[in-house]
2 protein chains.
Amino acid sequence: MTELEQSIKLKRGFRSLREEAMLNLVRTVDQTQIAFTRLFREHGITPQQYNVLRILSGAGEPLPCLEVAARMVTVVPAITGLIDRLEKAGLAVRKRCADDRRIIFVELTPGGRGLLKALEEPVDRLHEELLGQLTDTELKTLIRLAAKARETAEERNGA
Amino acid sequence: MTELEQSIKLKRGFRSLREEAMLNLVRTVDQTQIAFTRLFREHGITPQQYNVLRILSGAGEPLPCLEVAARMVTVVPAITGLIDRLEKAGLAVRKRCADDRRIIFVELTPGGRGLLKALEEPVDRLHEELLGQLTDTELKTLIRLAAKARETAEERNGA
DNA sequence: TCCAGTTACTTGACATATCAACTATTGTGT
DNA sequence: ACACAATAGTTGATATGTCAAGTAACTGGA
């Protein structure tokens, strides 16, 4: 396909097919995150707080602060305030490690575990609702292409 | 185990194919936005500020504050501070409308226009670099599936 | 033992997003 | 003309993300 043919097919405002793809991805994630943010807010937490709870639950054991941050896309300093707020909300607690006093473990409280349990079904339902129009085949294609699309970025960002 | 499961070190699998797709999308957008954020920072602006400049440039004329916000995924109150900072940086200016004194137009300054011009080539190059591994066919598929994936969300969010 | 480097976090400054509430201005109905 | 609703934006409180810089604790080598 020539450059001209390509440019003709471009929707107004996009400088290239790649830019169009990028902006489509960003908008899709933005829109879906808005829906999840609202769901979480109904339960008194933010998406990031939910991520921390989910990671702690998935690990099945207390994790060091930085380990939690590493499993999120979150930058290190941000984890401090995040855990501060979870602690204030009674959903998690900090526990200093006896062996290495630099390390501070984060642990789910029963309250945190209960909230996660209560969110399981609504979260599943929202995933179903938001992506319900896509067939399994389409979902697999989307997963494959999204993974391919971030390969270069992950290398550059040192993932 | 998929690449994403490895990279975020989930011990249990995804709860559903839809969740896997969702987390893949989020992860991809996060990673690519990190790269763009760095590029913009080298030029002294943030991704959001770039978006405002790009919208004003695309419109070709001054736009009301809320019109700018409407063209972004940005919530109304956030646009105020965003424009404050652009104004302070000398990249845009506010101009009160004479006909309807409630409306405040935002306009690019020559400096803002110049910055956009300087960013054109690096931004194109970054799009090329990040998504260069995807063929045109794959890009089109990705665009189509991403659009389909956000249909429900946009309806729910009143887009 | 002591010091320099590393590691695990925390803090501070700033940009942004969210919602609710507020001001200023305009339009509308009576 | 007056009361009230609608519109355009701003402000304030809170949550989060970014980087740079700081603190506390461990580690390895002279």
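Quick notes on this one:
- Note on region B:112-130: among residues that are without any contact (Cβ under 8 Å) to a residue 24 or more places away in the chain and surrounded by 14 or more Cβ atoms within 10 Å (Cβ to Cβ), the one that is nearest to the other protein chains (Cβ to nearest Cβ) is B:His127.
- Test result for A:Leu145, aliphatic (A, V, I, L, M) and within 16 Å of DNA strand C (Cβ to nearest atom): no
- Conditions (1) near DNA strand C (Cβ under 10 Å from one of its atoms); (2) crowded, with 19+ Cβ neighbours inside 10 Å; number of the one not met by B:Leu63: (1)
- Test for A:Ala149: is it open to solvent by 30 Å² or more (accessible area, probe 1.4 Å), among the aliphatic types (A, V, I, L, M), closer than 21 Å to B:Met22 by Cβ and part of a helix (DSSP H, G or I): no
- Taking first residues from region B:63-88 that are within 14 Å of another protein chain (Cβ to nearest Cβ) and under 21 Å from A:Arg27 (Cα atoms) and partners that are basic (Lys, Arg) and more than 8 Å from DNA strand C (Cβ to nearest atom), the Cβ contacts under 9 Å between residues at least 6 apart in sequence or on separate chains come to B:Val73/A:Arg27.
- Residues in region A:23-74 that are in a helix (DSSP H, G or I) and of a type in the set (Ser, Thr, Tyr): A:Thr28, A:Thr32, A:Thr37, A:Tyr50, A:Ser57.
- B:Ile55 vs. criteria open to solvent by less than 50 Å² (accessible area, probe 1.4 Å), at pLDDT 90 or above and away from chain A (no Cβ under 14 Å): no
- Inclusion of A:Ile143 among residues that are among the β-branched types (Val, Ile, Thr) and more than 14 Å from every other protein chain (Cβ to nearest Cβ) is not warranted.
- Top-ranked residue of region A:15-35 - restricted to ones that are open to solvent by less than 10 Å² (accessible area, probe 1.4 Å) and in contact (Cβ under 8 Å) with a residue 12 or more places away in the chain, ranked as nearest to the chain's Cα centre (by Cα): A:Thr32
- Taken as a whole, the structure places A:Arg94 among residues that are of a type in the set (D, E, K, R), touching a helix residue (DSSP H, G or I) at 6+ places or on another chain (Cβ under 7 Å) and within 12 Å of DNA strand C (Cβ to nearest atom).
The values are calculated or read from the model by the stated rules, or taken from the named source; none is laboratory data. Worth saying up front: this structure is predicted, and the values here are computed from it rather than measured. Don't worry about glycine lacking a Cβ; one is built from the backbone with ideal geometry, like all the others, and counts go over all protein chains shown. The area values use the complete protein model at the heavy-atom level, side chains included, leaving out ligands, DNA and RNA. Shrake-Rupley method; radii C 1.70, N 1.55, O 1.52, S 1.80 Å.
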